1. Would you tally the residues in region 22-53 being over 22 Å from H378 (Cβ atoms) and either surrounded by fewer than 19 Cβ atoms within 10 Å (Cβ to Cβ) or among the basic types (K, R) (or both)?
2. Has region 74-92 got any residue that is outside any loop (DSSP other than H, G, I, E, B), within 15 Å of ligand 1 (Cβ to nearest atom) and of a type in the set (K, R)?
3. Take E440 and tell me if it is outside any loop (DSSP other than H, G, I, E, B), more than 12 Å from I496 (Cβ to Cβ) and of a type outside the set (S, T, Y).
4. Quick one: how many residues across region 208-221 are away from ligand 2 (no atom under 11 Å from the Cβ) and open to solvent by less than 10 Å² (accessible area, probe 1.4 Å)?
5. Output the residues belonging to region 24-52 that are more than 19 Å from L242 (Cα to Cα), within 16 Å of ligand 1 (Cβ to nearest atom) and not aromatic (F, W, Y).
6. Being open to solvent by less than 30 Å² (accessible area, probe 1.4 Å), at negative phi and over 21 Å from the mean Cα position of the chain (by Cα), is that true of even one residue in region 448-458?
7. Yes or no: S19 open to solvent by less than 50 Å² (accessible area, probe 1.4 Å), hydroxyl-bearing (S, T, Y) and more than 17 Å from the chain's Cα centre (by Cα)?
8. Looking at region 459-510, which of its residues are surrounded by fewer than 18 Cβ atoms within 10 Å (Cβ to Cβ) and within 29 Å of D171 (Cβ to Cβ)?
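The values are calculated or read from the model by the stated rules, or taken from the named source; none is laboratory data. Bear in mind that the values here come from a model prediction, so they are computed numbers and not experimental data. Here Cβ is always computed from backbone atoms with ideal geometry, including for glycine, and neighbour counts include all displayed protein chains. SASA here: full protein model, heavy atoms, side chains in, ligands and nucleic acids out. Shrake-Rupley method; radii C 1.70, N 1.55, O 1.52, S 1.80 Å.
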Amino acid sequence: MAKEKLIIFDTTMRDGEQSPGASMTKEEKLRIARQLERMRVDAIEAGFPAASDGDFDAVRAVAKAIKDSTVCGLARANENDVRRCGEAVKHAASPRVHTFIATSPIHMEKKLRMEPSQVVEQAVKAVRWARHYTDNIEFSPEDAGRSDIDFLCRIIEAVIKAGATTVNIPDTVGYTLPEQFGALIRQLRERVPNSHKVIWSVHCHNDLGLAVANSLAAVLNGARQVECTINGLGERAGNAALEEIVMAVRTRQDVFSCDTNIDTAQIVPASRLVANITGFPVQPNKAIVGANAFAHEAGIHQDGVIKSRDTYEIMRAEDVGWGASKLVLGKHSGRNAFRQRLQDLGIVLESEETLNAAFKRFKDLADKKHEIFDEDLHALISQESIEHVENEHYELVSLLAHSETGEEPYARVVVTEDGAEKQAEARGSGPVDASFKAIESIVASGAELLLYSVNSITTGTDAQGEVTVRLAKGGRIVNGQGADTDIVVASAKAYINALNKLHSKLDRLNPQV
Ligand code: KIV
Ligand code: ZN
């Protein structure tokens, strides 16, 4: 019997982006969107257009670029948000407006300060405003997991009458348990009189580590859309991880009466791209996309796998895109080969000038590192977009770092601040520490260093080091990234990148606050 379709709705660029420090530029969103399209994601939530002009532009750019997936934007249930969202997505081949309002007693009383009947009225109005732009409208009762089921039935029936075509049930605070959440979906489908007119969707957060389990319980009870993110990125503990949902459903077709349309071989490239762009590394033991997810270390396991793979393997590494990484280019590769490989990776550079700059950077890298892999190209392009933002407040001009056994490490840096060159030197416990101290003595940011992490992009001692630096100041948290074959230089670049983000003060509105 033909399986029903399970719609995969990716919200990496909206809910994922709400993680402190995970904000993405328009170009970065375009790269992620193209990878999601290549992976055959059904719907891409590209952002929250009312948050800022930058968010609006990014959603509009994604809407114009993507042809094979629905492009959606998020809007609170007010006229301005819905209008901004409708305007941002209206050029998409398949646009969707996703509007929401909180329905739990605690959110209605303490956050919205609205009576339940006002909330219903506002939700219905929002759906009607959205109809000016598209017939594809999604409605979410925020914090549904802690809402009263009678009230949920009432508001959902009303929004369906008003024209909503997808009803999404969020467990906003990750509070529910799988049995309970599955039962909620089943009861809503049974009790809402016009429930057959919509697709039922779920959106689970991972505060108790149950986002995937709750989503799958919902699917077993009739949900036919799952909202999820690459690597489980998202607010606080994150959202349900796309790769886990897709592979659980694919691997356990004996249990599920539906399947997704996802090209699973694109999962690992998507995971790497998102980790690379956001600077949120993937833990080694993360299911499906962690470096150890398919590594059989114990002798007894290895012996079993050699005799017959299915003794310990329930999925094949190559089916999710492991091992697809190729030696792609080298020192002698020309401009056309470089351009072609970028195109194959879904990276479109906007002008010949950017291509030339990226090619020059590629040649420099190939001089230091003879084998260039896809991961190197992703890092190179990310670095290119980081360093070529016009009018960056701080720029790293040069760095000298010295370390010697028995000597206190030393660094001298030259940085421009608003175009003016400044130099400083410092000593520290290591060359990175000394470099950061020297930079800080110039910029005097007073920011607190929350995280410093180094990851090798590929294997070998000539690999590029990819550094993430997380800084906090005045309630804001930003992540900076830097990549270089010299990890001290990569660290200084990451620090400067984070300082620029702090300085830009580009504060965006969070839809749920
Ligand atoms: O977690 C949540 O409730 C959301 C909604 C806006 C869908 O992100
Ligand atoms: Zn959410």
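1. 2
2. Our first condition is that a residue be outside any loop (DSSP other than H, G, I, E, B); within region 74-92, this holds for 74-76, 79-89.
Pick out the ones that are also within 15 Å of ligand 1 (Cβ to nearest atom) and you get 74-76, 81-82, 85.
Keeping just the survivors that are of a type in the set (K, R) gives 76.
Among the residues of region 74-92, at least one is outside any loop (DSSP other than H, G, I, E, B), within 15 Å of ligand 1 (Cβ to nearest atom) and of a type in the set (K, R), which makes the answer yes.
3. Values: outside any loop (DSSP other than H, G, I, E, B): yes; more than 12 Å from I496 (Cβ to Cβ): no; of a type outside the set (S, T, Y): yes.
So E440 does not fit the description; no.
4. 4
5. P49, A50, A51
6. Yes, because at least one residue in region 448-458 is open to solvent by less than 30 Å² (accessible area, probe 1.4 Å), at negative phi and over 21 Å from the mean Cα position of the chain (by Cα).
7. On the way: open to solvent by less than 50 Å² (accessible area, probe 1.4 Å): yes; hydroxyl-bearing (S, T, Y): yes; more than 17 Å from the chain's Cα centre (by Cα): no.
Taking the combined requirement at face value, the residue does not satisfy it.
8. Those that are surrounded by fewer than 18 Cβ atoms within 10 Å (Cβ to Cβ) and within 29 Å of D171 (Cβ to Cβ): A472, G475, R476, D507, R508, L509, N510.
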